[in-house]
Structures are given as C-alpha cells and as structure tokens.
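Structure first, then comments.
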Amino acid sequence: MKPGFLRFVSLALLLALIIATIPISVSAQTPAITVEPGSVVTDSPKTITVRSTDFVFVEGSTAVILEGYGALTTTFQTASVVTATVPVDVPATSYIVTVSTGAASVSCAAACLTVSAPPPTSAPGPVVRPLIGVQTYRTKPQPVQYGQDFKLTVKLRNEGGAHAYNVQATFTSTDYLPVKNGGVEIIGDLTAGNSVTLDQPMVVGSYATGYVSVDMTVSYNDASGTAYSEKFTLNLESIGGVGSGSYATATPTGVKSSQLVITSYRASLDPLQPGEQFSLAMTVENTGNAGAQRVTMIVGGGGTSGGSSNGTPEPGGGGVSGGGGEFTNFAPVGASNVQTLGDLPAGGKVQASQNLIVNVSTNPGAYPMKVTFSYLNPKGEVVNDEQVITLLVYSLPSVDISFYRPPDPFFVGQPGALPIQVVNLGKRLSVLGTMKVEAANGTIENGTSLVGSLDAGGYFTLDAMVTPEQSGKMTLDITIDYTDDFNQARTITKQLEIEVMEGEPMMEPGMEGGGGGGEVVPMPVEEKPLQKVWRFILGLLGLDSAPPSNNDPGIAPEGEEIQPLPGPKPGSGKG
C-alpha cells in the first residue's frame, strides 16, 4: 500500500471524527393558519375561509372558534381548508381565530379577524305627493226625475303636499247618462291646498226612486310622472218620472213591460210531511202595464227556448225546457211540471195549481221551490220571470193511544184502573211532552205523566185511576203536548170510551153479596164443653142442636141468664 493512500485515509477518518464531535441543532416548524377575508361587516351573515400549514383538519370534528364569542358554524372542505359563517349578532371587535379538532388545536398568533357593525340607516322621510279628494257635490235641480236633464256639481281639493298635473275626472252610471262631453272632465293642474269646481251635464236615463249612485274616477300625475287614481261613489236622489206626481209606482208611464208575480200560494195539506201528496195552489198576477201572451208555468224552474238573439221566436223554433228543475224534495204527480196558463192582461190574475208529492227521504226543514213563467211580451220577445216560494216540511209524531189490556168493569162511585198505552208508529224517534188524562163526569187520579223520547215501535204506559160519577158511556180525553221541528207547540188528542155500571153496595162482614133484604148469616162462635153437652141432649129430644152463632147465645156463661131457645124448625128433626 502506498504511503500517499494511507495519508488520505487517515485524513478522512480524522475529518469524520471532527464532524461527529460537532453538535447539530434541529428546529421543528410551528403550524400556522390564515383567515380570509380578514375583516367582515355584519349587515348579513358572512363566510370566512381558514387555511392551515402543517395542521391537518379532520372532517366531522373541526370547529372554528372566535376567542371571546364562541364556535361558528363550520364546513369541512379539505384537510387544510375549512369555512365558517359569521352571524350578524357577533359583536364588532378583533378576534383571535382558533381551529380545533378535539384532539389538537391551532390559533393565529395575533388577532386575525376584524368584525365591524353595519353603518346606521336613516329613517325615510315623509313622502310628498298630491292627493285629490271630493270636498262637496250636489245636483241642480235636486232631486232629479226620470227623463230630466240636470247638472252634477263636484268640488275637488288637493289635500296633498305636491302639485297634481294632468287632472281629469270620469263619470259612469247605469241610470244617469253623461251628455255633451262623454262623461270626461279635463281639469289640468291643481296646486297643493287649492280646490276646483266642475259641472258635469247628465240626464236621468232610467226610472228609479231613492238614491242612485254615480262613480267618479279622478286620475293625475306628480312632478316625476308617477300616476295616481282615486275612485269616488256619489249618491244622487231620484224621485221617479217627470210630472207623474206618484213616483212610488213601480211601472212608469210610457214604459210598456209585463211582470208576472206569485202574490199568494198555499198547500192543500198543513202540515206537509214526507210521503204525502198535496196540491199547491198559486195566484199569479201580471203586475206590469203590458199584457203577457202564451204564459207557461214551469214548477221547479226552466224556460222557453228557440228564440233568436233579440228574443223574437223564429219560425219552426220554440220549446219548453222544464226537465232541469230541482225535484229532490218535491216531485210532480198526475201531470208534468209544465202548464199553459194562456194570455194574462195587465193587472190580470189567474189561479194555477200543481199536484206534488213530498219525497219520503226529505228531512224536516224549509225548502225553496223555483217557479218560472215564460211568455211573450208585446214586442214578441221571449221573457222568463222566475219566482221562488218556500214550503215547510214537518215530521210529526205518529202515535197510537189505547188500552194495553181490556179494562176491568167500572161502577159508579168506585175507583177503577185505566191501563193506557202510547205506541210510536212512526219510523223516527219521537220526543213527546206531558200526557194528561181528563174526564168530564169523573175524577182522575195519577192522570199526568211525562212521556219523553220513544224509539220507532217503542211504547209508554200510564196506569191512571178513574172514579165515575154516573153510569153509561164515559169519555176520557187524552192529550199529549210536544214541540214540532220549527219549535212550535203542538198537541196530540185522543178520546177513549168506557162503560160505567150502577154501583153495588160495599160488602160488610156477615152480609151476603146479593144486595139489601137478605137474611142474616149466622156466624159460628167458640163453644164451651157444657154447651156441647147441652146440644147433644137437644139432639136426643129432637130439638135444634145446631152450633151456636153470634145471634144464638145457647148456654150462657156462668152467672148469666140463659136466653130462651127458638122453637124447632120445620124439617130439622129426625124422621
């Protein structure tokens, strides 16, 4: 081995020894986090992003905490990024942000998030706008009449705080017709706090009495071009026709029209109950001032078809539609619900009737029924006048009042039982009130009782007592009070007859039951031994040896005198 190589190896070993003896200092890197953005304004919830270096976020257990406030709602993004929401209630200050995973945590070295409150908002000031209203209005003349021209005067005022521009008023009404300007008044500009008066010419276009309304719409703009609109209802007084002097009359002079009205009606049965047939009689009157031709009455509602658009019947057309009426509770019987009444002049009357039946399923109540009158007016137009009448349906109790067994014979002056029974024969439950039994020629005891509710087929018994005062036929008056379906008091009455015989005398002890004049029946008495011996001796002598009775003293007790005995009776001795 060469000396140079040895020197090289020696120097390398020496250098390694020197390096090994030199201490080496190693420092670990400290984890850190950053927050973006670093400042937020809490006018609404804000989201911040937290990033880490050398710190691992754990999904499901990582939370962002503001020192001095608490934890925020945190959302895991990655192992080094999470987001959190700063609510609006976080106080405005600077915060140190800490991220915790439960097992470890890391914080920013100094305050790294600044929270600022939103700037105060100033309250809005009052809105200044024009505002137009009606100050007064009137008509000239006042009141107005049918066919008359009049002037409607309205005073408008701008109650707002700004000028109104392009002001115009529009008048509309079904009874009053505007003239000359088409119902539009152009006013122009109206400054704040000022008024303007406008006159609208009109004419009364239809016959009316009382107050009739006119609608007035006012439209305008402010200085910025904003549009406004106000609507007002003006009520004007009308008294009918011009110069008629009788403005309460329903039909004015000069207007020809027909009007068919049912002025009265009645049912042949009162009250009406389910399952009953009845006749409905009606009085139909033409209250108009024109005749009605070819009048057709349709019970239940309907009409006549086949006319043209202007109401005039076309050749080959026509027809009556009465099948679409309401027949749930009342149905026609014996004839259809359509009848021809002929012609009816103005002011004329006609009697009409319809046979109907109440449906068995109809419940008690008030039921409206529509009746239509279809006819031709003087112009040949088809007119349908509809009327509504109301029929009341009751469900009254159906009961039988009788004796539930044949009563015992009745005698004058002697009390007897009345076995009375009330049976509900109806199909519904009935609630009855007090039952009372009365008689004109007798006295009733226990003759009043409350019946109460009876199911269908149920019964109630009352055992009353009657003491007749005279013989012959006796009538019992039975009444039961109750309240019907319309809360009206009603009474059920029934009469039962009984036969009263002459009274028998009351039986006394020791008397026969055959009436007065019978002989006295001896009553046996207790015998003493001496009396029995004496009767034996009398028998041996052929004398009466019958046991003593209450009227046959026999042997008197000791110390008393023996009464004489009666003689022998025929046939009493031994032969």
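The values are calculated or read from the model by the stated rules, or taken from the named source; none is laboratory data. Computed from a prediction, not measured in an experiment: that's the story for all the values here. No Cβ is skipped: glycine too gets one built from the backbone with ideal geometry, and neighbour counts run over all protein chains shown. Quick note on the areas: whole protein, heavy atoms, side chains included, nothing else; ligands and nucleic acids left out. Shrake-Rupley method; radii C 1.70, N 1.55, O 1.52, S 1.80 Å.
For L538 and S471, the FRET efficiency from 1/(1 + (r/R0)^6), where r spans their Cβ atoms and R0 equals 56 Å, is about 0.65. Ranking S258, S224 by solvent-accessible area of protein heavy atoms (1.4 Å probe, all protein chains present), from largest to smallest, gives S224, S258. Relative contact order, whole percent, for segment 385-443 stands at 32, derived from Cα pairs under 8 Å and 6 or more residues apart.
Relative contact order of segment 344-412, taken over Cα pairs closer than 8 Å and 6 or more residues apart, is 28 percent. Within the shell defined by Cβ-Cβ distances under 15 Å, the residues around A117 carry a net charge of -1, with Lys and Arg each +1 and Asp and Glu each -1. At a probe radius of 1.4 angstrom, the accessible area of segment 408-494 per residue rounds to 53 square angstrom.
For R138, the solvent-accessible surface with a 1.4 Å probe is about 140 Å², rounded to the nearest 10. Taken along the Cα-to-beta-carbon direction at a fixed 7 Å, the label points for L269 and Y165 span 7.9 nm. Among the listed pairs K151/K379; K231/K379; K427/K473; K180/K379; K349/K370; K140/K231, a Cα-Cα separation exceeding 30 Å is found for K151/K379; K231/K379; K427/K473; K180/K379. Its residues counted as N, segment 339-408 yields a C-alpha radius of gyration over 2.2 N^0.38 Å of 2.00.
If you sort I187, I537, I132 by accessible surface, 1.4 Å probe, largest first, the order is I537, I187, I132. Between beta-carbons, use under 12 Å as the cut-off and find the net charge around Q351, counting Lys and Arg +1, Asp and Glu -1. Here the charged neighbours net out to +1.
For segment 102-165, the carbon plus sulfur part of the accessible surface works out to 54%, probe radius 1.4 Å.
Can you give the net charge of the other residues whose Cβ lies under 11 Å from the Cβ of L131, counting K and R as +1 and D and E as -1? So the surrounding residues net to -1.
Surface analysis of segment 99-197 yields an accessible area of 57 Å² per residue, using protein heavy atoms and a 1.4 Å probe.
Rolling a 1.4 Å probe over the protein heavy atoms of segment 168-221, with every protein chain left in place, gives an accessible area that is 50 percent carbon and sulfur.
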